[in-house]
Amino acid sequence: MTQIQCSALLFDMDGVLINSTPAVARVWRRWAIEHGFDPQEVVARAHGRPSLTTVREYLPNSDYEAENREVERREIEDLQGVIPLPGALDLLASLPPDRWTIVTSSTRPLAEVRLRAAGLPVPPRLITSSDVSHGKPHPEPYLKAATILGFPAGDCVVIEDVPAGIKSGKAAGARVIAFRTTVAAPELQAAGADYILNNCADIHLLRSAPRLTLELC
């Protein structure tokens, strides 16, 4: 077991707090087939990044804003199997409300719908792709999240599940805990993860003042 201290926790959403992988795969697989792309490749590339980024890469000469709105509409409607991942509810409930937030590549409407479907709280200072100019792996999402909580990014711990998110957290100067929920441990390590765990059930709050003291199992 390892103990670490920090001022705040910055959580990714999909693959960290909720399991939306089946819904994400269904939507992007259908989209890929409709446009003649390899579904497996598109689904893998879409994980952990703003949907607009993926659409723009595959359809650079299209009305990608309209395409992205259609992808978002489908994702909002497909909530089958969207559930909290192990330990997520308990960990969030144990944390002081001003010491954590969520940093997701989803749009704000989609993030709120998925969190409510999973029965998780929607933090008041949620950071989504709607709130930043540059998505993950750029550091902006995590830098902005740390700022709105009032702490230096270097004193925050990011919790992620894919390389793009890990790189975003590391570029912001934070330490990163990565979960094995989406990709294999070697990919998480190669992206720069400081700690690799199974899920939120492996993180326990020991003390909340003056800083968060966490036990990693």
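Rounded, prolate or oblate: which fits the chain, taking a ≥ b ≥ c as square roots of the Cα gyration tensor eigenvalues, rounded meaning a/c under 1.5, else prolate when a/b beats b/c?
It comes out prolate by the Cα gyration axes.
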| field | the chain, relative contact order in percent, only Cα pairs under 8 angstrom and at least six apart counted | value | 27 percent
| said: Using a Gaussian network model on the chain with a 10 Å cutoff between Cα atoms, which of PHE151, PHE37, PHE179 fluctuates the most? | reply: PHE37
| field | Cα extents of the range 66-115 along the three principal axes, largest first (Å) | value | 40, 23, 12
| query | Which value in nm describes the separation of the simple spin-label points at CYS217 and ARG180, placed 7 Å from the Cα toward the beta carbon? | reply | 1.5 nm
| query | Name the residues of the range 124-168 whose amide N is less than 17 Å from a point 7 angstrom out from the Cα of PHE37 along the C-beta direction? | reply | 135-137, 164
| said: Please state the shape class of the range 87-133: rounded when a/c is under 1.5, otherwise prolate if a/b exceeds b/c and oblate if not, all from the C-alpha gyration tensor. | reply: oblate
| task | Please give the FRET efficiency for GLU57 paired with SER130, using the beta carbon to beta carbon distance and R0 = 25 Å, rounded to the nearest 0.05. | result | 0.80
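Take the alpha carbon gyration tensor of the range 102-217, find the square roots of its eigenvalues, order them as a ≥ b ≥ c, and report rounded if a/c is under 1.5; if not, report prolate when a/b exceeds b/c, else oblate.
In terms of gyration-tensor shape, rounded.
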| field | Distance (nanometres) between label positions extended 7 Å along Cα→Cβ at ARG73 and ASP194 | value | 4.3 nm
| remark: For the range 27-112 (alpha-carbon point model, no solvent) the Debye-based log₁₀ I(q)/I(0) at q = 0.17, 0.20, 0.23 Å⁻¹ works out to -0.79, -0.98, -1.19
| task | For the chain, give the magnitude of the charge dipole about the Cα centre (Cβ charges: +1 Lys/Arg, -1 Asp/Glu; no others), in debye to the nearest 20. | result | 380 debye
| task | Springs between alpha-carbon atoms under 10 Å, Gaussian network over the chain: tell me which of SER129, SER94, SER106 tops the mean-square fluctuations. | result | SER94
| task | Sort all Cα-Cα distances of the range 66-169 into consecutive 5 angstrom bins from zero, then give the percent of pairs in each bin up to the one containing the longest distance. | result | 2, 12, 20, 24, 23, 13, 5, 1, 0
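Got the relative contact order for the range 3-97 handy, in percent, Cα pairs under 8 Å and 6 or more residues apart?
38 percent
If you stretched the chain out fully between ARG207 and ALA93, how much longer would it get, using 0.36 nm times the residue separation minus the C-alpha to C-alpha distance?
Answer, rounded to one decimal: 39.7 nm.
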| said: So if I take the alpha carbon set of the range 5-52, get Rg, then get Rh from the Kirkwood formula, what is the Rg over Rh ratio? | reply: 1.14
| trypsin sites (Lys or Arg not before Pro) restricted to DSSP loop in the range 28-104 with at most 12 other C-beta within 10 Å | none
| said: For the range 1-65 and the range 160-217, what is the centre-to-centre distance using only Cα atoms, to the nearest Å? | reply: 18 Å
| query | Tell me, what is the percent relative contact order of the range 3-53, built from C-alpha pairs under 8 Å that lie six or more residues apart? | reply | 24 percent
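Since every read-out is calculated from the coordinates, none of them should be taken as a lab result. What you see is a predicted model; the values in this text were computed from it and never measured. Backbone-built Cβ (ideal geometry, glycine too); neighbour counts: all protein chains shown.
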